[in-house]
1. What number goes with the only condition from (1) touching a residue at least 60 places away in the same chain (Cβ under 8 Å); (2) buried (at least 17 other Cβ atoms within 10 Å of the Cβ) that residue 119 does not pass?
2. Name, by its number, the condition in (1) more than 19 Å from residue 25 (Cβ to Cβ); (2) in contact with a helix residue (DSSP H, G or I) (Cβ under 9 Å, 6 or more places away or on another chain) that does not hold for residue 144.
3. Out of region 270-290, which residues are of a type in the set (D, E, K, R) and buried (at least 16 other Cβ atoms within 10 Å of the Cβ)?
4. Among the candidates 218, 228, single out the residue that is under 22 Å from residue 47 (Cβ atoms) and either surrounded by fewer than 16 Cβ atoms within 10 Å (Cβ to Cβ) or at pLDDT 85 or above (or both).
5. For region 122-157: of the residues being in a loop (DSSP other than H, G, I, E, B) and surrounded by 15 or more Cβ atoms within 10 Å (Cβ to Cβ), which is modelled with the lowest pLDDT?
6. Taking region 220-277 only, how many residues are of a type in the set (Ser, Thr, Tyr) and in contact with a Leu (Cβ under 8 Å, 6 or more places away or on another chain)?
7. List the residue pairs whose Cβ atoms are under 7 Å apart, where the first residue sits in region 401-414 and is in the same structural domain as residue 336 (by TED's automatic domain parsing) and buried (at least 19 other Cβ atoms within 10 Å of the Cβ), the second is in a helix (DSSP H, G or I) and of a type outside the set (A, V, I, L, M, F, W, C), and the two are 6 or more positions apart or on different chains.
8. Against the definition (under 19 Å from residue 107 (Cβ atoms) and out of contact with any helix residue (DSSP H, G or I) (no Cβ under 7 Å at 6 or more places or on another chain)), how does residue 66 come out, yes or no?
Amino acid sequence: ATAGNLRSKTRRYLAMISEKRYRIKLQIQSACCALIAELAYNETNSYEIVNSNGVFLVSSKLFLTLRTDTFERHKTELEKLNCNVWRTLRILFSAERHRSLIKKLLPFTMFEQFLDIGNFKRELKLYHCLVDAFYKLSKEDLDVLKSQIQFCNQSQAPKNYINDYEVYEIIGSGAFGRVHKVKKKNTNSFLAMKEINVYNLTSMKDKSLGQIVNEVTIIRNNLKHPNIVRYLKTFKENDNLYIVMELIDGSPLSQHLRSLKLRDELWSEDKIWIYFIQIVLALKYLHKEKCIIHRDLTSNNIMLGENDKITITDFGLAKLKEEDCIKMHSIVGTMLYFCPEIIKNEPYNEKADIWAVGCVLYEMCCLEPPFFTSNMLALATKITQADFDHERLQRNSYSAQVASVVHHCLIIDPLKRPDIVGIAALIADKILSYTDSVRVRCSNLEKKLEKEKSKTQKMLSNKQDLIYLQRNASKLDAIDGIANSAASSQTSSQANLKIEAPSVVYQSQLSLPTYSPNAKLPPIRHPKSKLIMKNLKQKENERKSSITSFSSSPSSSKTNIRPESTKIVTRSSSSSNLEKRPNQIKKSRPNSANSSVVASITKKLRPIEDPIVQILDQIHKILFISQSILGITNYLGGKFGIRYIEIPI
């Protein structure tokens, strides 16, 4: 009975722990959804959330909140999580660029309630109606919702293959056709691919597909500017033209403007100038350096990325000016940005882009184009007469300089309308300020780069030095072996030393082993390899020269060695004091030449780390101890008549 009660209590305790962990898990997930919702209020953050598969990860939490057997025990946490999921999706839906993706998730019965909540609403209680509607969905609707959520999973396999590219989704459409998000096989970076059916374009029916490919290739090979999209590859397949370009991390300018309009906000004038200056610089590059006319410059073809970087895209309608053709007649582009000469079917040139850029500047200030109406005939009339609200810029608290630039861009007569250099002259002060700020930013980045570069080089150098030592370990071991063998030979010879009145043997008589270097070290690709090799060779040469000097010294041939007994004497104060003691045989001192040789050799010796110096230091210690024992023995023998044993060498 006691064991049964214990097992029952254990089961209840484990169930309680499991319930507590599940409740904490729901609370953490709810808090994460709330945090994502707050981050999504920023346009850039919302883009990163969606691009990181956030829609799939957040919406999949809905199925954790379905009514199950444990629903009543965790009702509060489940309903709160459900509310936070719907709030996150609704805030992401407020940005127009994400609407097509999130709209696919919503069941038809909930879509109207989803829209009625409004954009960028923080109050959690507003989303209780969506929670109730979700719990009322039938099993069939839940299955459809589940399949749609899985469809939004960006980590799934590609949906199609075009040439060597994996096609994942459609990310937009332009004047020529659709734009796909693709990835080249066996790579990890995403690209943008525009699919063009050239025979749907009235203006190009008289051209062959090969001519269009050549024209696009010319444009692609000539465009290299930081504010212009990079074209990577062009190929044709089944009457379709495919243009592969870099995928811009950002969203069209038009989507940002629509988001501002929904929040009833306006950009500051400084921010507008930053965007407009980049557009002017890009157009100057196109018109004056590459002789290319864009012909479809709209807010939808201008991408706004991180750090306020502008990128002009969609060069499908771009035209390369020919020497024998000053003006063009093709009616292409977006009508809201048409210049009067296109409306009148008159020849036009690059000043059509100037008109379009004036419309874009006005749109950035007023959140809608200057000539905006649903009636096409009325729109054409307004464009030909340049009839737009001039006072709106002043009402929105923008300066007279902004109004002046818009006015000069929207001049009806193309002959009086300035070119891109004339527009740049109107904002020369802003361009200079922008250039200064860019230069300061570049200088800071260069300093940071230099620090990182030096740090990386230092780390690489240390790593390469370690590799060098590892690869040359055999040579270093050989050097250590020679030093150890020299020390052991000296120690063994001193162990056989017998204490008696010795003869004198000077340092010049020491016979040390010489070192013959091995073969050349293997070549190492290292910035300091030459310096390391040079230092190593220099050390070896110094060691060889010092050893050679010892063996070839004149004192080695002139010094007398008595066979009966020997004594090693160094030039130190301790040895000189011991020389004055009685019963010592008169020592022969070396001449001055020999002394100078010994002194010069001693100066060439390396510090204590050198094996030869270590050997000499050990010899000095042994000599000092030997002489001390000899003096004590002689003293005892003279005073007490104690004789010491003579051991012949």
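1. Single failed check for residue 119: (2).
2. (2)
3. Initial filter on region 270-290 (of a type in the set (D, E, K, R)): 270-271, 284, 288-290.
Result: 284, 290.
4. Working: 218 fails: under 22 Å from residue 47 (Cβ atoms).
Of 218, 228, the one residue that is under 22 Å from residue 47 (Cβ atoms) and either surrounded by fewer than 16 Cβ atoms within 10 Å (Cβ to Cβ) or at pLDDT 85 or above (or both) is 228.
5. From region 122-157, those in a loop (DSSP other than H, G, I, E, B) are 122-123, 136-138, 152-157; that's our starting set.
Adding the requirement that they be surrounded by 15 or more Cβ atoms within 10 Å (Cβ to Cβ) leaves 137, 152, 154.
Values: 137: 88, 152: 80, 154: 74.
The extreme case among them is 154.
6. Our first condition is that a residue be of a type in the set (Ser, Thr, Tyr); within region 220-277, this holds for 231, 234, 242, 251, 254, 259, 268, 275.
Adding the requirement that they be in contact with a Leu (Cβ under 8 Å, 6 or more places away or on another chain) leaves 231, 234, 251, 275.
Number of matching residues: 4.
7. 402/269; 406/358; 406/362; 409/358; 410/358; 414/341; 414/351
8. On the way: under 19 Å from residue 107 (Cβ atoms): yes; out of contact with any helix residue (DSSP H, G or I) (no Cβ under 7 Å at 6 or more places or on another chain): yes.
Here the answer is yes, as residue 66 does meet what is asked.
The values are calculated or read from the model by the stated rules, or taken from the named source; none is laboratory data. The structure presented is a predicted model; accordingly, all values stated were derived computationally and were not measured. Every residue, glycine as well, gets a Cβ built from its backbone with ideal geometry; the counts of neighbours run over all protein chains shown.
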